[in-house]
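Data first, discussion second: the structure below is written as structure tokens.
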Amino acid sequence: MPLSNLNQEQLSAAMAPLGHNLIIASAGTGKTSTIVGRIAHLLKQGIKPSKILLLTFTNKAAGEMVARLGNFFPSNIIKEIQSGTFHAISYKWLKTSGFHIALKQPSELKTLFRSIYEKRAFKRLGHQTEPFSATFLYEQYNLYQNITLDTFDIWFEEKYPEHKVLIDIYMNIIDEFEDVKKEYGFVSFNDLLLKLREYIKENHIEIDEILVDEYQDTNTLQGALIDELKSKSLFCVGDYDQSIYAFNGANIENISTFTTRYKNANLFTLKKNYRSTASILSLANKVIEKNERIYPKSLEVGRTGENIAPKLLIYEELFEQYQSISTTIKNNSTSYENIAVIFRNNSSADGIEATLRELNIPCKRKGGTSFFDSKEIKFLLDLLSLIVNQKDMMAFIHIFEYAKGVGSALSKELFVCLNHFGHGNLTRGLLSPAYNDLPKLNPNKNVQLGLFDDDLEIGSLSRFSSMDISTHIKKHPILKHPRLTRDGVKYLDYYYKFISNINKTQHPSHILRNAISSDLYRYLIELLSTNRAKLKTGEIDVKRKDESKDRIKSKAELLLNLSRQYKDLTKFINAMILGGGELSEGEGVNLLTVHASKGLEFEEVFVIDLMDGRFPNRKLASKAGGEEEERRLFYVAVTRARDKLYLSLSKYDKIKKINFTPSIFLCEANMLKEAECK
């Protein structure tokens, strides 16, 4: 049984009585085994599996825990355990309760938000205060939803009092954004939690115990959701020393005030580390103890074997650092997959990636563009999304903004037109338009809210009569749109041919294969491969273009393989959106930001650019968490190493002509002499 493999600390936690239990699980102390042991204990005590809720920060983590339990309990019991991320559980419960949900990625909603923001002509209003950009305003709104339960205007005015004069316009943008989302059924990841919280208030959901992994990373909204469920028992596992998501709304007070918020709370501490050597743990302890101790603890060695002391690497110049580390990696005996280069900022990765590739060393970056965020894959998923959800305006915009001379603003208007022609049904509006006139495309003018738009003049269909396109499209009333060009019409014809060829009831893989073989996708392949093969001179590298085409086709084939295990198109699309960010591709040396490295471990770790200003990053520290959060980031980085740890820095950047001083963390770790730390 899972309990028989636990040490005494883990066993005491796993067998804690029902109630409010907080388990402080330091790096490498076996928190996953403890959680699995806890669920096994609950099942043995007669708790129904359907009354157990496991909340994690990746679906992969939840899957691994449930898989371990599957070695000891029948599948019919295991499948009843409710497990997944906060968002996955929210999505499942809301869908089961009959909610219509078109889940959209943050990047998609940011595009929608920007299209609404750009209708406001701030400069014509004559205010002295420079308005925030659309991106910043969207990010602030997103952050607000995670960290407070106040209204946005109150929170925003307290944070930025100088923008009070613009708050009515900001609120109007947000109100229109929410209205458009509601009209088309768009839901953000935050909306999932907000909607579920409201649903729980109105409907009693009986849960015997909620288990929360990575509790230190929960935000105010997630904490409120946990409290709203009013379960009989809580089992929260986390480590305040690994709380590194303040910039994203994580609220360290959720874990730091646990024993004061919940009366008679039980506190357990897992101290024995089975991952790293004694010298690596000693270094980690020396640094992290400089932070205020919320709950007393110190890592203890739980493994035996060779103990190699961490090594400090000092270089005269920044690029020399990257070259030397790359050469070291090439010449050592550790497999590339078991090596990680960890950095505070993504910009640090460019130099190390370039020098690794120069030495023909394969590497992969985590934190960059994922497989599911690549333009060629997102395009295919958007095509499928439009088939199952006729109101998915964002998918339509993302598809049509690739057409030459179209862009996002015109794409949005074309979507409105087609829906108008089809009485709210996009496909019907394309295939069988009910009207012959364009709808009113612009909002009512409102000078106070920055709305100054003018109406459009109607164009003529005869402009496109000589084009080699489908007869149906030649006669379509959408061609009256005055800003529609011949290139845009040709692209529309490609889309029409694809839609005419598919059937919503077909297997997802059949529809996807049609999409991949369509003129529409061939157009995208040509466009993307050309752009990716363009040299600084403007010339096209033919070989690079062919290689790019092959990579695009390979990615499409991979998506096609993933689709074959699904019979329902909606389920396939939602699985890709909810779980896509957890999948990675490629092989070789792991290049990771500290945030991306969390939860992982490697035989050999290089923590690079340990210079003041880079790590700790003073600029980012001033925005969220301060120096204590930067110290926690360092702690997370060094505790990813099992056997060998290298800490590196350089003295000078010859390109920017900047002199560096060593990171304060190297001084705290006693890796530098006292004189070097002044």
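The values are calculated or read from the model by the stated rules, or taken from the named source; none is laboratory data. On a predicted model such as this, the values are computed, not experimentally measured, just so you know. Note that we place each Cβ from the backbone using ideal geometry, even for glycine, and neighbour counts take in every protein chain shown. When the accessible area is computed, the model is the full protein with side chains, heavy atoms only, and any ligands, DNA or RNA have been set aside. Shrake-Rupley method; radii C 1.70, N 1.55, O 1.52, S 1.80 Å.
Observations on the model:
- Qualifying residue in region 57-80 (condition: part of a strand (DSSP E or B), among the polar types (S, T, N, Q) and touching a strand residue (DSSP E or B) at 6+ places or on another chain (Cβ under 8 Å)): no
- Checklist (1) modelled with pLDDT under 95; (2) surrounded by 18 or more Cβ atoms within 10 Å (Cβ to Cβ); (3) closer than 20 Å to SER282 by Cα applied to VAL638, failing item: (1)
- Only one entry of HIS510, HIS472 meets the criterion of being out of contact with any Pro (no Cβ under 7 Å at 6 or more places or on another chain), within 26 Å of LYS571 (Cα to Cα) and in a helix (DSSP H, G or I), and that entry is HIS510.
- Condition met for THR85 (crowded, with 19+ Cβ neighbours inside 10 Å and either farther than 26 Å from LYS375 by Cα or not charged (D, E, K, R) (or both)): yes
- Here the helices (runs of 4 or more DSSP H) wholly within region 111-210 that include at least 2 residues being on the phi < 0 side of the Ramachandran plot and touching a His at 6+ places or on another chain (Cβ under 6 Å) are 189-202.
- Pairs are defined by a Cβ separation below 8 Å, a sequence spacing of at least 6 or placement on different chains, a first member in region 221-232 that is of a type in the set (Asp, Glu), and a second member that is open to solvent by 20 Å² or more (accessible area, probe 1.4 Å); the pairs so defined are GLU228/ARG197; GLU228/LYS201.
- Criterion: more than 27 Å from the chain's Cα centre (by Cα) and in contact (Cβ under 8 Å) with a residue 40 or more places away in the chain - qualifying residue of ASN146, ASN190, ASN203, ASN142: ASN203
- Long-range neighbours under 7 Å by Cβ, at least six apart or interchain, first residue within 15 Å of LEU479 (Cα to Cα) within region 407-427, second among the aromatic types (Phe, Trp, Tyr): SER411/PHE396; SER411/PHE400; LEU414/PHE400; PHE415/PHE396; HIS420/TYR435; PHE421/TYR435
- Of the residues making up region 453-471, at least one is in contact with a Phe, Trp or Tyr (Cβ under 7 Å, 6 or more places away or on another chain), under 28 Å from GLU526 (Cα atoms) and either modelled with pLDDT of 80 or more or among the hydroxyl-bearing types (Ser, Thr, Tyr) (or both).
- The set of residues from region 589-626 being open to solvent by 10 Å² or more (accessible area, probe 1.4 Å), touching a residue at least 12 places away in the same chain (Cβ under 8 Å) and in a helix (DSSP H, G or I) comprises HIS595, ALA596, LEU620.
- Residue that is of a type in the set (Val, Ile, Thr) and open to solvent by 10 Å² or more (accessible area, probe 1.4 Å), where the choices are THR277, THR334: THR334
- Residues in region 525-549 that are over 26 Å from ALA515 (Cβ atoms) and part of a helix (DSSP H, G or I): VAL542, LYS543.
- Whichever residue in region 88-118 is of a type in the set (Ser, Thr, Tyr) and within 29 Å of ILE35 (Cβ to Cβ) and, among such residues, is least open to solvent (accessible area, probe 1.4 Å): SER90
- Scanning region 2-22 for residues that are within 19 Å of GLY46 (Cβ to Cβ) and either in contact with a Lys or Arg (Cβ under 6 Å, 6 or more places away or on another chain) or in contact (Cβ under 8 Å) with a residue 60 or more places away in the chain (or both) yields PRO2, ALA14, ALA16, PRO17, LEU18, GLY19, ASN21.
- Filtered by the rule that a residue be assigned to a helix (DSSP H, G or I) and under 20 Å from LEU318 (Cα atoms), region 638-666 gives ILE664, PHE665, LEU666.
- The set of residues in region 81-106 being assigned to a helix (DSSP H, G or I) and under 22 Å from GLN390 (Cβ atoms) consists of TYR91, LEU94, LYS95.
- Tally of residues being among the small types (Gly, Ala, Ser) and open to solvent by less than 10 Å² (accessible area, probe 1.4 Å) across region 507-540: 3
- Hits in region 62-108 - residues which are basic (Lys, Arg) and without any contact (Cβ under 8 Å) to a residue 40 or more places away in the chain: LYS79, LYS92, LYS95
- Criterion applied to LYS536, LYS553, LYS545 was being more than 21 Å from LEU426 (Cβ to Cβ) and touching a helix residue (DSSP H, G or I) at 6+ places or on another chain (Cβ under 6 Å), and the one residue passing it is LYS545.
Rundown of residues vs (1) more than 25 Å from the chain's Cα centre (by Cα); (2) over 19 Å from ALA13 (Cβ atoms); (3) in contact (Cβ under 8 Å) with a residue 12 or more places away in the chain, yes/no style:
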site	(1), (2), (3)
ILE24	yes, no, yes
ALA27	no, no, yes
ILE39	yes, no, yes
GLY46	yes, yes, no
ILE52	yes, no, yes
LYS60	no, yes, yes
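- Selected residue (criterion: nearest to the chain's Cα centre (by Cα)) from residues of region 211-246 that are part of a strand (DSSP E or B) and buried (at least 21 other Cβ atoms within 10 Å of the Cβ): ASN219
- Some residue of region 126-138 being within 17 Å of the chain's Cα centre (by Cα), open to solvent by less than 20 Å² (accessible area, probe 1.4 Å) and touching a residue at least 24 places away in the same chain (Cβ under 8 Å): yes
- Scope region 476-507; condition within 25 Å of LEU410 (Cα to Cα) and either of a type in the set (Lys, Arg) or part of a loop (DSSP other than H, G, I, E, B) (or both); matching residues: HIS476, LYS480, HIS481, PRO482, ARG483, LEU484, THR485, ARG486, LYS490, LYS497
- Scanning region 387-424 for residues that are open to solvent by 10 Å² or more (accessible area, probe 1.4 Å) and among the hydroxyl-bearing types (Ser, Thr, Tyr) gives TYR402, SER408.
- Candidates in region 3-22 are the residues that are open to solvent by 40 Å² or more (accessible area, probe 1.4 Å) and closer than 24 Å to ASP227 by Cβ; of these, the one that is farthest from the chain's Cα centre (by Cα) is PRO17.
- Looking across region 337-351, the residues that are at pLDDT 85 or above and open to solvent by less than 20 Å² (accessible area, probe 1.4 Å) come down to ILE339, ALA340, VAL341, ILE342, PHE343.
- Checking region 478-486 against the condition returns a match, with at least one residue being open to solvent by 60 Å² or more (accessible area, probe 1.4 Å), in contact (Cβ under 8 Å) with a residue 60 or more places away in the chain and more than 30 Å from the chain's Cα centre (by Cα).
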